[in-house]
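The structure appears below as structure tokens.
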Amino acid sequence: MEIYEESYIRNLLKCNQCNNNFDDYDQPKSLQCGKIVCSICESKIVKKAINKWFKCEICLEDHYIPEKCLSINDLA
């Protein structure tokens with residue numbers, strides 16, 4: 001059970017898109033599908049978005065970028 005918990009926690013501390021660890025200055029963001037991305041990947045997503053819509057490279061679904069951009073994920 002401990003190995004599973006340790007692996008789960010390590011995955012919470014990584015960007016689901018680029019797989020890099022979050023650093024002390026990063027503010028992980030949540031996508032509508034529940035995936036968490038770093039600020040660098042968020043910037044790439046926002047730049048690629050067409051009319052505030054983008055296709056998630058993780059779940060392959062279309063998502064809308066809210067008015068205030070993606071929400072900060074406090075869990076990571």
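For this structure, a couple of remarks:
- Pairs, first over 17 Å from residue 36 (Cα atoms) and in contact (Cβ under 8 Å) with a residue 60 or more places away in the chain in region 47-58, second β-branched (Val, Ile, Thr) and in a loop (DSSP other than H, G, I, E, B), C-beta under 6 Å, six or more apart: none
- Matching residues, region 9-39, being surrounded by 13 or more Cβ atoms within 10 Å (Cβ to Cβ) and part of a helix (DSSP H, G or I): 12, 39
- A count restricted to region 53-75 and to residues that are at pLDDT 85 or above and among the charged types (D, E, K, R) stands at 3.
- The set of residues in region 40-67 being under 18 Å from residue 19 (Cα atoms), part of a helix (DSSP H, G or I) and not basic (Lys, Arg) consists of 40, 41, 42, 43, 45.
The values are calculated or read from the model by the stated rules, or taken from the named source; none is laboratory data. Bear in mind that the values here come from a model prediction, so they are computed numbers and not experimental data. Here Cβ is always computed from backbone atoms with ideal geometry, including for glycine, and neighbour counts include all displayed protein chains.
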